[in-house]
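Notes follow the structure.
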Amino acid sequence: MPEEPNPDEVAVIRRLAEIYKGLKEKVADVIVGQDRVVDEVLVSLLCGGHSLLIGVPGLAKTLLVKTLASLLALRFSRIQFTPDLMPADITGTDIIQEDPETRSRSLKFLKGPVFANIVLSDEINRAPPKTQAALLEAMQEHHVTTGGRTYPLDEPFLVLATQNPIEQEGTYPLPEAQLDRFMFAVKVDYPSEKEEVEIILRTTAEKLPNLQAMLSTDEIVAAQQAVRKIPVSEEVAAFAAKLARLTRPSDSAPPKVREYVRWGAGPRAGQYMVLAAKARGALKGRFFASSRDVAGASHAVLRHRLVLNFRAEADGIAPEEVVDDVLNAAGNPSEG
């Protein structure tokens with residue numbers, strides 16, 4: 001059981017909740033709609049987890065990430081994944097440097113684009129597995145090792161990787177074991193008709209507003225630490241574990257799980273749902289996480305961890321429908 005937050009951590013969370021509303025308003029000045037996507041990216045940042053953004057091109061995924069980076073005073077970099085991209089193109093490489101006076105030569109490490117606070121990895125499934133693995137290693141270890149030396153990555157460190165769900169030719173889909181490394185799979189949907197009209201009017205008129213940072217990097221790191229200190233009851237942890245276990249095919253699983261799921265979510269899903277519940281509570285100024293917070297994070301945590309069978313594809317069953325069935329089987333979450 002995590003220890004209760006001390007007064008300094010309570011103050012950090014209270015400030016975070018105060019800034020949250022203004023942050024959403026500033027994002028709305030640039031991005032039309034996508035409230036849920038903004039919330040899920042913020043939650044993943046507060047939890048120190050990485051996210052997969054799934055949506056067709058042209059839905060302002062890059063603009064959204066750049067906007068958040070500006071408002072949070074975070075260094076942003078973007079990597080366009082291509083079939084010829086090499087691991088060193090991401091992590092960096094050693095170069096030979098000559099001293100102009102002594103003419104002596106030495107190796108100097110030239111940092112790659114992964115050395116940023118927020119790294120947008122565009123179309124990660126277009127790069128070969130070796131390059132994907134280099135990024136995933138950096139995500140997991142928060143450092144890069146080359147030439148026998150280890151270089152720590154800047155904190156906070158968040159990778160937001162995008163996948164194009166409609167164009168699969170010439171791609172290298174991430175294996176399920178690697179997908180499990182992402183805390184969230186954030187689904188970026190088409191805008192509504194009203195939102196689409198607003199997007200057209202806004203983007204064909206004046207320039208986008210200049211954004212001033214609302215939080216410093218030190219404050220974000222402090223918020224990440226404070227979120228982890230938020231206490232969670234055994235009831236809430238049990239509910240998260242129940243959701244994860246109900247996704248695994250068995251005689252006691254919900255009907256859609258038994259019929260359409262080959263493999264369910266592992267224990268990491270429960271860990272991420274509880275972490276996300278803490279962050280959701282913190283953004284609302286609460287010093288506890290409820291079962292409703294767990295349920296609210298369940299789709300983003302579980303959708304990419306379910307391995308569906310061929311029958312699901314034939315019947316047009318999406319992972320979200322299976323998660324809905326799991327939530328119904330788990331019962332209505334309490335506010336505890």
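The values are calculated or read from the model by the stated rules, or taken from the named source; none is laboratory data. Note that the coordinates shown come from a computational prediction; the quantities given were computed from them, not determined experimentally. Virtual Cβ from ideal backbone geometry, glycine too; neighbours counted across all protein chains shown.
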Note on region 222-261: residues aliphatic (A, V, I, L, M), part of a helix (DSSP H, G or I) and surrounded by 15 or more Cβ atoms within 10 Å (Cβ to Cβ) are Ala222, Ala223, Ala226, Val227, Val236, Ala237, Ala240, Ala241, Leu243, Ala244, Leu246, Val257
State whether the residues of region 98-114 include one that is crowded, with 19+ Cβ neighbours inside 10 Å and assigned to a strand (DSSP E or B). no
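So which of Leu52, Leu63 ends up being in a strand (DSSP E or B), within 18 Å of the chain's Cα centre (by Cα) and touching a residue at least 12 places away in the same chain (Cβ under 8 Å)?
Step by step, each of Leu52, Leu63 is checked, and only Leu52 is in a strand (DSSP E or B), within 18 Å of the chain's Cα centre (by Cα) and touching a residue at least 12 places away in the same chain (Cβ under 8 Å).
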List the pairs whose first member sits in region 74-102 and is closer than 12 Å to Pro128 by Cβ, whose second member is at pLDDT below 85 and aromatic (Phe, Trp, Tyr), and whose Cβ atoms are under 9 Å apart, counting only residues at least 6 apart or on separate chains? Pro83/Tyr172
Within region 311-331, is there a residue that is basic (Lys, Arg), in contact (Cβ under 8 Å) with a residue 40 or more places away in the chain and either touching a His at 6+ places or on another chain (Cβ under 9 Å) or closer than 23 Å to Ala238 by Cα (or both)? no
Can you tell me which of Leu174, Leu179 is at pLDDT 80 or above and in the same structural domain as Ile54 (by TED's automatic domain parsing)? Leu179
Report yes if some residue within region 265-274 is within 22 Å of the chain's Cα centre (by Cα), charged (D, E, K, R) and within 22 Å of Leu179 (Cβ to Cβ); otherwise report no. yes
Say whether the condition of being in contact with a Gly (Cβ under 9 Å, 6 or more places away or on another chain), touching a residue at least 12 places away in the same chain (Cβ under 8 Å) and buried (at least 23 other Cβ atoms within 10 Å of the Cβ) is met by at least one residue in region 262-273. yes
